[in-house]
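Reviewing the structure listed below.
The values are calculated or read from the model by the stated rules, or taken from the named source; none is laboratory data. None of these values were measured; they are calculated from a predicted model. All Cβ positions, glycine included, derive from the backbone under ideal geometry; neighbour counts span all protein chains shown.
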Amino acid sequence: MILLPPELRFALRANDINRRAAETMGKCFDPVPVLKLFNPLGTATWLATELAEDGDTLFGLADLGFGCPELGSFSLSEIAGVRLPFGLGIERDLGFESRHRLSIWAAWSRRAGSILWAETLLRRVAQGDALDQLPPSDLGDG
């Protein structure tokens, strides 16, 4: 599977350009993730918002399954080069859509301990369910 088709590459590059423009004007830039990559045999998950000019460096939220998702840069070629058992590799979530900005994903993922659990909680909140399972209310720190 191609991890980064042209339409996603364009959206990620546009976010990188917009972030740099916002920084020059002293404004905050907090886009919605446009790409979700995951390990089909484990818990590693990446949400990307930007792609650098080099065409390889992604920026977003990375969760390698150790309970501490982090914002930062990661290499598309390294992720694409991961070889898993049974001939599998890292995959792109074809159905991924989000209305939540990266800062919300980061805050919820840190509190929940994983992107996957945060995704479940965010979905439940959107449906009006499980409000007693929300992370603490100080989510604005991400």
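For the reader, a short list of remarks on this structure follows.
- Checked across region 26-35, the condition of being under 28 Å from Thr120 (Cβ atoms), assigned to a strand (DSSP E or B) and charged (D, E, K, R) holds for no residue.
- One residue alone among Gly72, Gly89 is surrounded by fewer than 17 Cβ atoms within 10 Å (Cβ to Cβ) and either touching a strand residue (DSSP E or B) at 6+ places or on another chain (Cβ under 9 Å) or in a helix (DSSP H, G or I) (or both), and that residue is Gly72.
- Residue ID - farthest from Ala52 (Cα to Cα), chosen from residues in region 94-119 that are surrounded by fewer than 14 Cβ atoms within 10 Å (Cβ to Cβ) and either of a type outside the set (Lys, Arg) or modelled with pLDDT of 95 or more (or both): Gly95
- Pairing residues of region 98-121 that are touching a residue at least 12 places away in the same chain (Cβ under 8 Å) with residues that are acidic (Asp, Glu), at Cβ distances under 7 Å and at least 6 apart in sequence or on separate chains, gives Arg101/Asp30; Leu102/Asp30; Ser103/Asp30; Ala107/Asp141; Ser109/Asp63; Ser114/Asp63; Ile115/Asp63.
- Output for region 92-111, where each listed residue is of a type in the set (D, E, K, R) and assigned to a loop (DSSP other than H, G, I, E, B): Asp93, Glu97, Arg99, Arg101
- In region 33-60, residue surrounded by the most Cβ atoms within 10 Å (Cβ to Cβ) [restricted to those that are of a type in the set (Phe, Trp, Tyr) and closer than 13 Å to Leu76 by Cβ]: Trp46
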